[in-house]
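Undergrad: Could you have a look at this structure, given as structure tokens, before my questions?
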Amino acid sequence: WASLHLASRNGHEKIVKVLVEHGADLNIVNNENSNPLHLASRNGYEKVVKVLVEHGA
């Protein structure tokens, strides 16, 4: 799991924003084949989903 996975899964919008603005890979998958967008949407974090989509996820 990458930092972006954990921040997305737990709804940490500000951390997600900092990570993606500093070049985090938006499409990286974890051992469950989920990317950060999957994790944020699955857990209902709409603001995190918005940040990820705005940055190209």
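Undergrad: What pairs come out if I take residues in region 29-42 that are over 18 Å from HIS55 (Cβ atoms) and pair them with residues that are surrounded by fewer than 16 Cβ atoms within 10 Å (Cβ to Cβ) and of a type outside the set (S, T, N, Q) whose C-beta lies under 6 Å away, six or more apart or interchain?
TA: These pairs meet every condition: ASN30/TRP1.
Undergrad: Go through region 39-49 and give me each residue that's crowded, with 17+ Cβ neighbours inside 10 Å and of a type outside the set (Ser, Thr, Tyr).
TA: Scanning region 39-49 gives LEU39, ALA40, VAL48, VAL49.
Undergrad: Turning to a different aspect of this structure: Out of (1) modelled with pLDDT of 95 or more; (2) touching a helix residue (DSSP H, G or I) at 6+ places or on another chain (Cβ under 9 Å), the odd one out for ALA2 is which?
TA: It is condition (1) that ALA2 fails.
Table: residues versus (1) aromatic (Phe, Trp, Tyr); (2) at pLDDT 95 or above; (3) surrounded by fewer than 16 Cβ atoms within 10 Å (Cβ to Cβ).
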site	(1), (2), (3)
VAL18	no, yes, yes
HIS22	no, yes, yes
VAL29	no, yes, yes
GLU32	no, no, yes
LEU37	no, yes, no
VAL51	no, yes, no
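Undergrad: Could you please find all residues in region 1-16 being among the polar types (S, T, N, Q) and surrounded by fewer than 17 Cβ atoms within 10 Å (Cβ to Cβ)?
TA: Matches in region 1-16: SER3, ASN10.
The values are calculated or read from the model by the stated rules, or taken from the named source; none is laboratory data. Please read all numbers here as calculations on a predicted model, not as lab measurements. Counting neighbours? That spans all protein chains shown, and the Cβs are built from the backbone with ideal geometry, glycine included.
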